[in-house]
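Undergrad: Starting off with a structure, shown below.
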């Protein structure tokens with residue numbers, strides 16, 4: 001049985017602020033639950049029912065571990081480079097490094113670097129991780145489409161870096177920063193992939209491929 005204390009601890013792990021970890025379902029905990037629900041496009045009623053519980057505590061596929069960098073990234077969905085500038089800037093530098101103001105600079109690499117650095121502190125990062133195409137040599141190549149796969153893309157004038165959350169026949173569904181100026185999930189054509197998908201060396205390789213899924217979003221053409 002999931003307790004209030006379990007919920008509070010999980011919310012805190014994901015970057016939300018439930019207040020004291022005291023097992024008491026107070027106002028701060030309810031507010032953190034609502035914030036989490038809105039980030040996951042759930043009914044933001046502050047009640048941790050079966051759907052919210054499943055989102056908070058996803059069951060990992062047998063044989064595969066849930067990618068912690070992807071879980072951290074999910075907690076930041078909705079942060080906008082202008083509307084949430086201070087919150088986003090503070091988080092991007094929380095690992096000790098940052099590119100700078102996301103409202104002024106392309107920050108998809110900074111977002112990926114922060115997610116990996118905070119959850120896998122022993123992982124070797126690319127030289128200049130803020131340049132998206134440098135992630136083409138990150139970790140090791142991945143032969144399957146797995147949740148959390150690091151996906152470098154080409155785009156006019158540069159590149160883009162994001163992490164896979166799903167796919168269909170033509171596109172990857174990716175979570176990343178600097179997508180419509182915010183942390184979002186969008187679709188990018190598989191033809192734009194700049195080399196193979198990548199996976200951290202410091203985390204067990206996945207063995208289960210993501211099945212095809214649908215995402216109600218337009219296909220992104222340029223993430224600049």
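The values are calculated or read from the model by the stated rules, or taken from the named source; none is laboratory data. Since the structure is predicted, the reported quantities are computational estimates derived from the model, not experimental observations. No Cβ is skipped: glycine too gets one built from the backbone with ideal geometry, and neighbour counts run over all protein chains shown.
Undergrad: Does any residue of the range 95-108 turn out to be at pLDDT 90 or above, in a helix (DSSP H, G or I) and within 18 Å of the chain's Cα centre (by Cα)?
TA: Checked the range 95-108: at least one residue is at pLDDT 90 or above, in a helix (DSSP H, G or I) and within 18 Å of the chain's Cα centre (by Cα).
Undergrad: If you don't mind, another one. Within the range 124-152, which residues are buried (at least 24 other Cβ atoms within 10 Å of the Cβ) and under 22 Å from residue 104 (Cβ atoms)?
TA: Scanning the range 124-152 gives 132, 135.
Undergrad: For the range 106-135, what are the residues that are over 27 Å from residue 65 (Cα atoms) and touching a strand residue (DSSP E or B) at 6+ places or on another chain (Cβ under 9 Å)?
TA: Those that are over 27 Å from residue 65 (Cα atoms) and touching a strand residue (DSSP E or B) at 6+ places or on another chain (Cβ under 9 Å): 106, 107, 131.
Undergrad: What do you reckon, is residue 171 out of contact with any strand residue (DSSP E or B) (no Cβ under 7 Å at 6 or more places or on another chain) and surrounded by 19 or more Cβ atoms within 10 Å (Cβ to Cβ)?
TA: no
Undergrad: On the basis of being free of Cβ contacts under 8 Å to residues at least 12 places away in the same chain and not in a loop (DSSP other than H, G, I, E, B), does residue 12 make the cut?
TA: The answer is yes for residue 12.
Undergrad: Does residue 31 meet the test of being in contact (Cβ under 8 Å) with a residue 12 or more places away in the chain, part of a helix (DSSP H, G or I) and assigned by TED's automatic domain parsing to the domain that holds residue 149?
TA: no
Undergrad: Being part of a helix (DSSP H, G or I) and touching a strand residue (DSSP E or B) at 6+ places or on another chain (Cβ under 7 Å) narrows it down to one of 70, 88, so name that one.
TA: Matching residue, one of 70, 88: 70.
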